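*Asks:* Let me begin by handing over the structure; questions about it come next.
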Amino acid sequence: MLWPELMRRRLAGTDRELVATYPRRADLPRHFWRDMMTSARQRMYFGGYTSYFLWLDAPQAHTHLAAKASEGVDIRWLLGDPDSMATRARDDVESHPLKLATRINMTRMEVARSGAADLMPVRLSDRHIATSVWIFDDEAVLATHIGAGLGHDSLTQHFRQRKKEGPFSRLLEHFEWLWTDARPAETAAPS
């Protein structure tokens, strides 16, 4: 009785949702982010503290985002709060000349530059300072800071939803909780 139950759990296990693990976010294939943005049909949730790298790794991101937003794709930006104590503390840890607040504000300016900012709400929070999650339809990317490294050094996992209440569902739940708890950003991007 116990053996068949263990086998059933193993064969239908939620570990099958894990597509790949990367030692660093920078190890994802260069085209990954562009592919995720262009293939999304329902939702794109950007839950990175700055998500600044997107503008470097997918140079036409603002064009893709504007097109998707006009097609009705639910696009949300959950960014770090540039004025929070957590942001300042992380800046001290990273000790990088390009401060987090600058990277956050650059992402806000790129969203505004898309021409579809009114279709892509931005909220600010400091609760995801060490763990970022990006969701594209039924795929999710989770990045976790390791030590004093910058975001591109984060341990990164790619998930694909296979069943209800698996790891993907937990990541979606996590994003939704953060989103609800976050405060709306002012509509105008900082200059």
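Read the figures in this text as sums done on the coordinates, not as results from a lab. As the structure is a prediction and not an experimental result, all values here were calculated from the model. Using ideal geometry, Cβ is built from the backbone for each residue, glycine included, and neighbour counts are taken over all protein chains shown.
*Asks:* Please list, by residue number, every one of the GluC sites (Glu not before Pro) in the range 47-112 that is coil in DSSP and has at most 12 other beta-carbon atoms within 10 Å.
*Replies:* Working: sites: 71, 94, 110; in loops: 71.
Those that pass, being in a loop and sparsely packed, are 71.
*Asks:* Once amide H atoms are placed 1.01 Å from N in the peptide plane, what residues at a sequence separation of 5 or more from residue 80, or on another chain, have their amide H within under 5 Å of its amide H?
*Replies:* So residue 80 has HN proximity to 50, 125.
*Asks:* With angles folded into 0 to 90 degrees, how steeply does helix 2-11 sit against the dominant principal axis of the chain? Use alpha carbons for both and round to 10.
*Replies:* The helix 2-11 is inclined about 40 degrees to the chain.
*Asks:* Can you pull the Kirkwood radius for the range 35-146, inverse mean 1/r over Cα pairs, to one decimal in Å?
*Replies:* Working: mean 1/r = 0.0704 Å⁻¹.
14.2 Å is the Kirkwood radius here.
*Asks:* With Rg and the Kirkwood Rh both taken from Cα atoms, where does Rg over Rh land for the range 68-107?
*Replies:* Working: Rg = 13.7 Å, Rh = 11.7 Å.
Dividing the radius of gyration by the Kirkwood radius yields 1.17.
*Asks:* Explain nothing, just the number: dipole magnitude of the chain about its Cα centre with +1 on each Lys and Arg Cβ and -1 on each Asp and Glu Cβ, in debye rounded to the nearest 20.
*Replies:* Details: 26 positive and 25 negative charges, 92 e Å.
Charge dipole, the chain, about its Cα centre: 440 debye, nearest 20.
*Asks:* Still on this model: For the chain, take the longest principal axis of its alpha carbons; what is the angle in degrees between that and the long axis of helix 61-70, to the nearest 10 within 0 to 90?
*Replies:* 80
*Asks:* With viscosity set to 1.306 mPa s at 10 °C, what whole-number translational diffusion coefficient in µm²/s follows for the chain from Stokes-Einstein and a Kirkwood radius over Cα pairs?
*Replies:* The estimated diffusion coefficient comes to 92 µm²/s.
*Asks:* Which angle between 0 and 90 degrees, to the nearest 10, do you get for helix 100-113 versus the longest principal axis of the chain when only C-alpha atoms count?
*Replies:* With both axes taken from Cα atoms, the answer is about 90 degrees.
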